Amino acid sequence: MTMSTWMMIVAVLLAPLIAVQVQKWLEHYRERRGRKMRVFQALMATRNGSARVSPEHVRALNMIDLEFSGIRLVRKPKPSAAEKEALTAWKAYREQLNTPYDRTSEEESKAWARRCDDLFLKLLVAMSKALGYSYDAVDLKRDAYAPIAFSNWEDEQSVLRRFLVEVATGQRAIPMEFRQPVQA
């Protein structure tokens with residue numbers, strides 16, 4: 001047999017194996033991108049105001065380290081430059097979230113919250129770049145929608161929870177007023 005015949009036999013035998021491996025790689029890529037997109041979508045959906053303390057938002061934040069850590073080649077995952085930028089932005093934001101501040105000082109509370117907002121927007125911008133989008137911080141901040149009713153609802157729930165905790169711990173009593181029944 002000639003060399004070209006042997007090459008043809010090898011090609012016929014290896015072609016299905018190569019096709020299967022390429023298909024597996026493509027499925028893995030789509031799955032990884034899908035997981036990253038779900039994290040990004042959850043953060044985009046909850047980027048405004050009080051939604052940042054929702055379980056969905058916190059869960060998505062905690063998945064960033066896992067989903068943006070890069071492709072595992074041999075042992076250690078190898079993140080791309082854009083993924084590294086997203087991880088760096090997440091570390092800065094996480095550090096700010098874990099920074100204690102004087103909650104009794106309105107000025108300090110506002111400064112802490114502003115810093116959180118800035119770092120969170122930088123995180124979203126970095127994640128969008130890693131996913132092939134081109135959002136900037138101004139668009140992300142300006143284009144979010146949050147009805148006033150949601151904010152009012154959260155405020156009312158907070159007041160109610162505080163009241164119930166104070167009643168349950170004995171710090172406050174439930175106010176009652178007794179009235180004479182109206183005689184007809």
Subject >> Of the criteria (1) at pLDDT 90 or above; (2) under 18 Å from Ser54 (Cα atoms), which one Ser151 fails >> reply: (1)
**OP:** Confirm whether Tyr93 is touching a helix residue (DSSP H, G or I) at 6+ places or on another chain (Cβ under 8 Å) and either in a loop (DSSP other than H, G, I, E, B) or among the β-branched types (Val, Ile, Thr) (or both).
**Re:** no
**OP:** Out of Arg52, Arg33, Arg47, Arg103, report the one residue that is touching a residue at least 40 places away in the same chain (Cβ under 8 Å) and not in a helix (DSSP H, G or I).
**Re:** Arg47
**OP:** State yes or no: is Asp155 touching an Asp or Glu at 6+ places or on another chain (Cβ under 7 Å) and either in a loop (DSSP other than H, G, I, E, B) or more than 17 Å from Arg47 (Cα to Cα) (or both)?
**Re:** no
**OP:** Scan the stretch 152-175 residue by residue and report those that are at positive phi and surrounded by 10 or more Cβ atoms within 10 Å (Cβ to Cβ).
**Re:** none
Subject >> For Ala60: the one exception among (1) of a type in the set (A, V, I, L, M, F, W, C); (2) at pLDDT below 85; (3) touching a Leu at 6+ places or on another chain (Cβ under 6 Å) >> reply: (2)
Subject >> Selection within the stretch 63-84 - surrounded by fewer than 12 Cβ atoms within 10 Å (Cβ to Cβ) and at pLDDT 85 or above >> reply: Leu66, Ala81
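The values are calculated or read from the model by the stated rules, or taken from the named source; none is laboratory data. Being a predicted model, the structure only gives us computed values, none of them experimental. All Cβ positions, glycine included, derive from the backbone under ideal geometry; neighbour counts span all protein chains shown.
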